[in-house]
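To keep things clear, I will list the structure first and then write my remarks on it.
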Amino acid sequence: MQPLIKGAITGKGKTIAIVNTPIEQDIYPWKNRILSEEIKENGCIHPYITKALESNERGLSQFSKRLIERDRLLASLCPKIVTVKHEGVIEGGTRYGMSYGKLYGKEVFRLDNNMKPHKDPEVKEGKIWWDMELDIDFLVEQYCKE
């Protein structure tokens, strides 16, 4: 584990993880289980109550949809959004967080392999078409109280 990733934990600071699983379900990806246990000691948000079903709609399982909803929630909470991609258009699952970041007026960057930031990178549009399980406005209000 890189020191930068565990910096807040090592320094006894607060680390918050917003995950797409309920508290009784294994964390995803599984290789982050040990890290997730450390984070739970300082703060972990599980916005989902039930386990995700493995049904598919337009090629996405409920589990995948929850990852995308989580990315949208993060886009609404974070002042800056950075993705790592050497070059080209931001695609795949990352495009949702980046698209909503732009929609919410956040600073959006692509970090290339040389650690050079590129502001406002090109992003393939990503929109949620299903009825979301999360009430993002409520969660932002709940967790962003001053």
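The values are calculated or read from the model by the stated rules, or taken from the named source; none is laboratory data. Being a predicted model, the structure only gives us computed values, none of them experimental. Neighbour counts run over all protein chains shown; Cβ positions are idealised from the backbone, glycine included. Calculation scope for accessible area: heavy atoms of the full protein, side chains included, ligands and nucleic acids excluded. Shrake-Rupley method; radii C 1.70, N 1.55, O 1.52, S 1.80 Å.
When you check Leu53 against the structure, is it touching a helix residue (DSSP H, G or I) at 6+ places or on another chain (Cβ under 7 Å), surrounded by fewer than 16 Cβ atoms within 10 Å (Cβ to Cβ) and closer than 21 Å to Asp135 by Cβ, yes or no?
Working: touching a helix residue (DSSP H, G or I) at 6+ places or on another chain (Cβ under 7 Å): yes; surrounded by fewer than 16 Cβ atoms within 10 Å (Cβ to Cβ): yes; closer than 21 Å to Asp135 by Cβ: yes.
In short, yes.
Among the residues of segment 9-47, what is the count of those that are of a type outside the set (S, T, N, Q) and more than 18 Å from Arg70 (Cα to Cα)?
Of the residues in that region, 12 qualify.
Please list, ordered by first then second residue, the pairs with beta carbon atoms under 9 Å, 6 or more apart or interchain, first in segment 9-24 and closer than 12 Å to Ile39 by Cβ and in contact (Cβ under 8 Å) with a residue 40 or more places away in the chain, second open to solvent by 100 Å² or more (accessible area, probe 1.4 Å) and part of a loop (DSSP other than H, G, I, E, B).
Val19/Tyr28
Kindly provide the set of residues from segment 101-125 that are modelled with pLDDT of 95 or more and of a type in the set (Phe, Trp, Tyr), ordered by number.
Residue satisfying the conditions is Phe109 alone.
Which one is modelled with the highest pLDDT among residues in segment 7-40 that are open to solvent by 50 Å² or more (accessible area, probe 1.4 Å), more than 25 Å from Phe63 (Cα to Cα) and part of a loop (DSSP other than H, G, I, E, B)?
Once the filter is applied, the top-ranked residue is Gly11.
Which residues, taken from segment 70-91, are open to solvent by less than 40 Å² (accessible area, probe 1.4 Å) and either under 14 Å from Glu122 (Cβ atoms) or not charged (D, E, K, R) (or both)?
Matches in segment 70-91: Leu73, Ala75, Ser76, Ile81, Thr83, Ile90.
Taking Met115 as the residue in question, decide whether it is out of contact with any Cys (no Cβ under 6 Å at 6 or more places or on another chain) and touching a residue at least 12 places away in the same chain (Cβ under 8 Å).
When the stated conditions are applied, Met115 does not pass them.
Out of segment 76-113, which residues are closer than 19 Å to Leu134 by Cα and in contact with a Ser or Thr (Cβ under 8 Å, 6 or more places away or on another chain)?
Gly93, Thr94, Gly97, Met98, Tyr100, Tyr104
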